[in-house]
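Reading through the C-alpha cells given below for one structure.
FYI, it's all coordinate maths here, none of it is from the lab. What you are looking at is a predicted structure, and each value in this text was computed from that prediction instead of being measured. Cβ placement follows ideal geometry from the backbone for every residue including glycine, while neighbour counts extend to all protein chains displayed.
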Amino acid sequence: MISTNDFRTGVSVIVEGQIWTVVDFQHVKPGKGSAFVRTRLKNLIRGNVLEKTFRAGEMLPRAIIDTREMQYLYNSGDEWHFMDKTNYEQIHLGKEALGENTDLLKEGVTIDVQFHDGKVISASLPNHIELEVTQTDPGFRGDTATNITKPATLETGAVVQVPIFINPGDTIRIDTRDRKYISRV
C-alpha cells in the first residue's frame, strides 16, 4: 500500500482494479477544509489519462511493475518472439502489446517489456533504431536541399520518408516514436 502523500511521478498504483502511473501530482492545502492530492494518472494498458482527486493520506494498493530487457528473435505470422536476456526464457507478443511499429523490428534488437503479476502489460521499442535502406530513388550530386523527402524501403520492409541525398545501402537512424529520419550512420 502507498499513501497519496508519498506520490511521486512514475509511481504505479491500482485504482478501481486497473493499473495507473502517476504522471503529475499536486498537494493542495485549502484554507478551509482538509488537504487533498490532485493527480493526473495514465492507464498502463489502454494509455488514456485521468485526472483524479484523492484525500491526503488515503492509502492505495501499489502496482509492482517488472521491466525486463528482451531480445527480438523472429516473427511468425501475427506473433513476434522474444528472449529474456537473463534467463533465456522465450515469450511471444501480439500487435496489441507491441503497437504499430512492428515493421521496424530487426532481429537482435532489445526492447523493454513490462510485466505485472506475470502478465505482459506493455512493450516499448528503443527510441532510436538503425536500419539499412534497401530501395529508394538514387540521389544525385547536388541533391542537398533540405525539407525535400522521398520514400525509402528499409531492410525490415518498413517505408519511411528520408532526405533526397540518401541512397540504397546507406544505414540510417530512425525515431521509432514518430517514424522520422534522424541521421545517416
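Under 1.5 on a/c is rounded, so check that first for region 66-124, then, if it is not, pick prolate when a/b is larger than b/c and oblate when it is not; a ≥ b ≥ c are the square roots of the alpha carbon gyration tensor eigenvalues. Cα axes put region 66-124 in the oblate bin. For the cross-link pairs Lys85/Lys150; Lys32/Lys52; Lys42/Lys95, the ones whose C-alpha atoms lie over 30 Å apart are Lys85/Lys150. A DSSP coil position with no more than 10 other Cβ atoms inside 10 Å describes the following chymotrypsin sites (Phe, Trp or Tyr not before Pro) in region 84-185: Tyr88, Phe140. Taking the Cα centre of region 66-124 as origin and assigning +1 to Lys and Arg Cβ atoms and -1 to Asp and Glu Cβ atoms, the resulting dipole is close to 100 debye.
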